[in-house]
Structure formats: C-alpha cells, structure tokens
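*Asks:* Starting off with a structure, shown below.
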Protein chains: 2
Amino acid sequence: MPVKFQFKNPNMGAWVLLRQVHNLISKCEDQVYSKHGLTTEQHGVLMAIKHIEGPVRITDIARWLDRSVNSVSMIIDRMVKAGLVRRTRDRKDRRTVFVTTTSKAEKAYIPATAAGWELIQEILSSLSDEDKLTLVRLLETMRDKLYDYLGSSGVVEEVRVNEIKNMAQFKDKANEYKSPSNFQS
Amino acid sequence: MPVKFQFKNPNMGAWVLLRQVHNLISKCEDQVYSKHGLTTEQHGVLMAIKHIEGPVRITDIARWLDRSVNSVSMIIDRMVKAGLVRRTRDRKDRRTVFVTTTSKAEKAYIPATAAGWELIQEILSSLSDEDKLTLVRLLETMRDKLYDYLGSSGVVEEVRVNEIKNMAQFKDKANEYKSPSNFQS
C-alpha cells in the first residue's frame, strides 16, 4: 500500500495535489503519445494545426496553445527534422511562412488522439459521475478566481474566449475519434 | 461577464480544466516570483536547495523537483549567470560539483516564498472549507489512479515517497514564512 499523507492544511494539499496530478497526467500522456511516435508537445501542435481554419502560421499555433512564438518555433524545427511538418512560404508574401503536416504526421495523429482520449476515460473512471461534476464545478471556481487574480484585461479575456472555443472544437474532434472505426492504420 | 462554457462531457471538462487551472496557477506564480527577481523555476531550485540536507548536487535537485538532470543543469547555468547560485567542487573528489546559494538568492527567496504562500491562500479563498476538503479527496483519488496507470514499479513508489516527504517539509517551511515577522528586507 502506498504511504498516505494527510495534509493538515487543505490549501497546501489542494495546491500540491493540483501540481502532482498535472505532472502525472503529463507523464501518462508522454507514455501514450510516444507509442505513436509523437511527444505530447508534438501532438499538441498537430492538434492546433488541425483545428485552426485556413493556412496556419507559427503565430496561430502559439496563440492556440497559449505559448510563446519562440518556444513553438523550436518545437516546429524539431518536427521538421522528424518529418512531421513542412514549412512553406506564401507565394504572394515570401516573408510569411505556413506550417503543414506530412502524411507521416497524419498517420500518427489519429490513433494517438484516440489513445489520448482513452487515457482520459480510464483515469476519470476512478471518480463517480457525481464526483466528476463536483470536480468540474470546483475547478471552474478556481479558474475564475485565477482569471480575476491575473486581471480582467482584454488579453486575459481574449485568451479565455480562445481557450473555450478551442476546447469546444477539441471536444468535438475527440468524440469523433472515440469509435475504433475512425482509426486509420 | 466572462463567457461560460458548459462541458457536456464531464471527463473532457475535468481534463481541460485541470490543465487550464495548472497553467493559470503557473502564470500567477510567474507574476508573483518575478516581483522578487526570480522565475518560478529558479524559486523551485532554491526551495530544493533549502530542503535537501547536506551538500547539494544537481542530481539531488533534479530528484527533488522530479525533473531531468539536463534541464536542471540548464537552469543552474542561468542562475549562476544571474548571481543566484555558485558551483563549487568537492575538495576530496574534484569531479563532484555542489551548488550553493548566494546572499542575493537568500534575500529574494524568503519574501518570494511568503508571497507565493499568500497567492495560494488568495486563490483557494474562492472555495469553502468543505469544498477544499472535497477537492483534496477527488485529486487524491485521481493521483492514486494515475500512479496505478504508470505502474507500481519501485521508481514510481520512490517518487511518491519523495514527493510526500518533500511536500511535508515544504509545508512546514511555508508555515514558518506566513508571519510577516519572518520577512527579511
């Protein structure tokens, strides 16, 4: 049996556990996506490319993932080397660079996304339906407080609206991948 | 008023919210620690150095933070340049390098840790005491499921025991810093 630590202070307990759970989720996702030849970061970039409408620039991916353009550029560099994406220049404006996926990436993305979705179901199966709804409510309350703390500037509001839009799209896509008939081998 | 998005699927809702809340917490921590001239990563390294007993090697810090030795080495390089830590060689075995903090780091660490603790209290004040205990219980259940998913190997067990030990120590330290009389200016 694992050692159980009782946090005397529930504030500290919640804080530490949120970090632990997030880090453990990341480790599980790394494990799941690596089986399909992708890192979790690479899977995130492919997901962004899939969900952004029209030609995709690095700045679009960065905004979608809520990360810096620099860090996304570095991930894209490695993905080009790994044969997962290509950089192409706009014919009209040669300064603009678009990112497109390769067939190698396409083949990895669909089963990886399905496996990621299975992971989510598996981990959350440890909670009852009622507990899941409670968890969502408590996390929503914390999220709103965090947004307030960060200030209700236009930037934060834009991030929030984008996140909501992105996640709604992701949810729809993930549901599409739920059925094994959608797998491509 | 912010746009409220209702997740039809509570699994997806919980998953997305866990990531959102974690990322927002990171942003808040970045903001808080930067006011004391530290990044969140640097604060984490200083916390590790403070809590590890005896002379501290990079491998000890990496284990404490549950990160790779390479990534910690890079953080330490930047911290040396920023005048926050020093690398010293063991007199007996010149191949062993220890990391020690500078007085500049000491001066930043105590008020930064107190401010971090205030942040925790502030964000969690959005939940009732009962809700906090519920959140802790639900996250503990998820954490245990995640550990099971990752396999009950000795490595995972060791990480778990270390985390628990570290966090217990952190809690004690954080409580010490709660009172303003502990601040050093």
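*Asks:* Collect residues whose amide H, placed 1.01 Å from N in the peptide plane, falls under 5 Å from the amide H of A:VAL85; neighbours closer than 5 in sequence don't count.
*Replies:* Distant-sequence amide H within range of A:VAL85: A:VAL80, A:THR102.
*Asks:* Which chain B residue puts its Cβ closest to the axis that rotates B onto A, and at what distance in whole Å?
*Replies:* B:HIS22, 2
A short reminder: the numbers here are calculations on the coordinates, not readings from a lab. Remember, it's a predicted structure, so these values are computed and weren't measured experimentally. Positions of Cβ are backbone-derived with ideal geometry, glycine not excepted, and every protein chain shown enters the neighbour counts.
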